[in-house]
1. Mind jotting down the distance between the C-alpha centroids of the range 1-28 and the range 33-79, whole Å?
2. Pairs on different chains or at least eight residues apart, Cα atoms closer than 28 Å: how many lysine pairs in the range 2-101 fit?
3. Using the charge dipole of the range 2-101 (Lys, Arg: +1 at Cβ; Asp, Glu: -1 at Cβ; taken about the Cα centre), state which of Ala26, Val14, Ala78 has its Cα farthest towards the positive end.
4. Rank-order 8-15, 82-89 by packing density, defined as the average count of other C-beta atoms within 10 Å over each peptide's residues, highest first.
5. Could you size up the charge dipole of the range 2-101 around its Cα centre, putting +1 on the beta carbon of Lys and Arg and -1 on that of Asp and Glu, and report it in debye to the nearest 20?
Amino acid sequence: MQAVIKAGSSQYLVSEGQEILVDKIAGTDTSVKFNDILLFVDGKQTLVGSPFLEGYSVEAQVMGQEKGDKVRVFKFKAKSRYRKTTGFRAQLTRLKIVSIMSPNSPKVEKAVEEKPKTKAVKKTSQTRSKKS
């Protein structure tokens, strides 16, 4: 399965298990859910939204925050000794696509197994010395 998602002002073609770099997402959440799905491609069908598909979502896990490559900007005006250099480094978030959900696909719930609670048993010495 593949989907085109809208993250910020950009669009990304993603599939399950893929890692992507997007503009920085504020917050320290460990997972992000995208509901703005523009295109959904399954092996049998291709659905195009106008503008978005209802009921489809993509869940991603935040892997970390990074900085992008340096971009050097150089301004120059001829015959006036004007030279100005500035730089820029984009703040990015690395995401790993966990699942692409469609309305008719079964929802995958993460089963949390609870350990049975056991009572703490206090051990006491059962043998006592007999007084004679």
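Taken together, the values in this text are just the output of simple stated rules run on the coordinates, not laboratory data. Nothing here was measured: the structure is a model prediction, and the numbers come from that model. Neighbour counts are summed over all protein chains in view; Cβ atoms, including those assigned to glycine, are modelled from backbone coordinates with ideal geometry.
1. For the range 33-79 versus the range 1-28, the Cα centre distance is 4 Å.
2. Total qualifying Lys-Lys pairs in the range 2-101 comes to 22.
3. Ala78
4. 8-15, 82-89
5. Around 1420 debye, computed over the range 2-101.
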